[in-house]
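Peer 1: Can you keep this structure in mind? I'll have questions shortly.
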Amino acid sequence: MNSFNTLHTFVILAFGESEYLEACIQSVMRQTVPGKMLIATSTPNNFIADLAAKYGIELKINNRSGTIGKDWNFGYSCAHTKYLTLVHQDDIYLSEFAEKCIRAAEHDQSRRPLIVFNKSLVYHGEREVNISYKNILRWLFIFPFNFKRCISSPWWKRFILLFSNSISCPGVFYVKENLGNFRFDEQAKYILDWKAWYEMSRGTGSFIYVPDVLHIHREHEDSATSSTNSEILYQEELRLLSDIWNNQSIPKIITALLRIAK
């Protein structure tokens, strides 16, 4: 197990002064396979610097801020290990997150894994959401992975993205050595993760699913999820779905249903 320690980096994406950042850091530090840790921020302040110093974590400053995509790309570029997780500052990573993702990726190295993803829970603040339509949709659309944990077929990888973003971004474990010059779309405001998975699905390599809850996604009134501009989100989803389906008729129906589900 010790050989896993140098394979993976947690890059914590810190922004502003999140009341949940310290709990997030602590969850990463409780990993059964700790790996490396960094904090990346485009909003340097004493709050973030003090937490970095308190826990002995290297702090990286992004001077090229402006969009979520730029922040994510900066964080992605900071890690030089085989594997990487872009940690969202409000979330909690269960203790076996790194270990189970590394084991899954190492087990299927011959299939050229691109990402490993897992089940996630949704919390509103400190309270677990008993019924999350977002998770219901995700678990419904990723049903092919209930039969086969590692999927290389471009058709099946694309299938799970036909109707919604079925992969929770904060819980994604990236196999950086297989992703080449991967970058998030810096112009997109909301669907940059969904678009990234779609671009990955079209190429060579596999998606791996770990059927365990390894990540808790926290939504609250100050989170990016809660401050969504619904009209911009609708337009971005429509453009991406039109590209995926190669028409606009079906995407208009899908985006209307997604609005109801959200």
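The values are calculated or read from the model by the stated rules, or taken from the named source; none is laboratory data. Quick caveat, the model's predicted, so the values are computed rather than measured. When we count neighbours, we look across all protein chains shown, and the Cβ atoms used for this are built from the backbone with ideal geometry, even at glycine.
Peer 1: Among the numbered criteria (1) buried (at least 17 other Cβ atoms within 10 Å of the Cβ); (2) within 30 Å of P44 (Cβ to Cβ), which one does A104 miss?
Peer 2: That leaves (2) as the condition not met.
Peer 1: Moving on. Of all residues in region 127-138 being over 16 Å from the mean Cα position of the chain (by Cα) and modelled with pLDDT of 70 or more, which is surrounded by the fewest Cβ atoms within 10 Å (Cβ to Cβ)?
Peer 2: Filtering region 127-138 down to residues over 16 Å from the mean Cα position of the chain (by Cα) leaves 127-133, 136-137.
Cutting the leftovers down to modelled with pLDDT of 70 or more gives us 127, 136-137.
Values: R127: 9, I136: 11, L137: 18.
So, considering only residues that are over 16 Å from the mean Cα position of the chain (by Cα) and modelled with pLDDT of 70 or more, the one surrounded by the fewest Cβ atoms within 10 Å (Cβ to Cβ) is R127.
Peer 1: Now for a different question. With the structure loaded, tell me whether W155 is of a type outside the set (D, E, K, R), under 21 Å from V116 (Cα atoms) and surrounded by fewer than 14 Cβ atoms within 10 Å (Cβ to Cβ) or whether it fails that test. So that I can check it myself, show each step before the final result.
Peer 2: On the way: of a type outside the set (D, E, K, R): yes; under 21 Å from V116 (Cα atoms): yes; surrounded by fewer than 14 Cβ atoms within 10 Å (Cβ to Cβ): yes.
Criteria met by W155.
For (1) among the charged types (D, E, K, R); (2) in contact (Cβ under 8 Å) with a residue 12 or more places away in the chain, each residue gets a yes or a no:
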residue	(1), (2)
H8	no, yes
A14	no, yes
A23	no, yes
V28	no, yes
A53	no, no
K60	yes, yes
T67	no, yes
C78	no, yes
A105	no, yes
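Peer 1: Also: May I ask you to list the residues in region 203-262 that are part of a loop (DSSP other than H, G, I, E, B), hydroxyl-bearing (S, T, Y) and at pLDDT 85 or above? Talk me through it step by step, then tell me what you get.
Peer 2: The first filter runs over region 203-262 and keeps only residues part of a loop (DSSP other than H, G, I, E, B), leaving 203-205, 220-229, 246-248, 262.
Still in the list and also hydroxyl-bearing (S, T, Y): 204, 223, 225-228.
Answer for region 203-262, where residues must be part of a loop (DSSP other than H, G, I, E, B), hydroxyl-bearing (S, T, Y) and at pLDDT 85 or above: just T204.
Peer 1: When the residues of region 53-71 are filtered to those that are under 13 Å from I25 (Cα atoms) and not aliphatic (A, V, I, L, M), which remaining residue is surrounded by the fewest Cβ atoms within 10 Å (Cβ to Cβ)?
Peer 2: Among them, the one singled out is G56.
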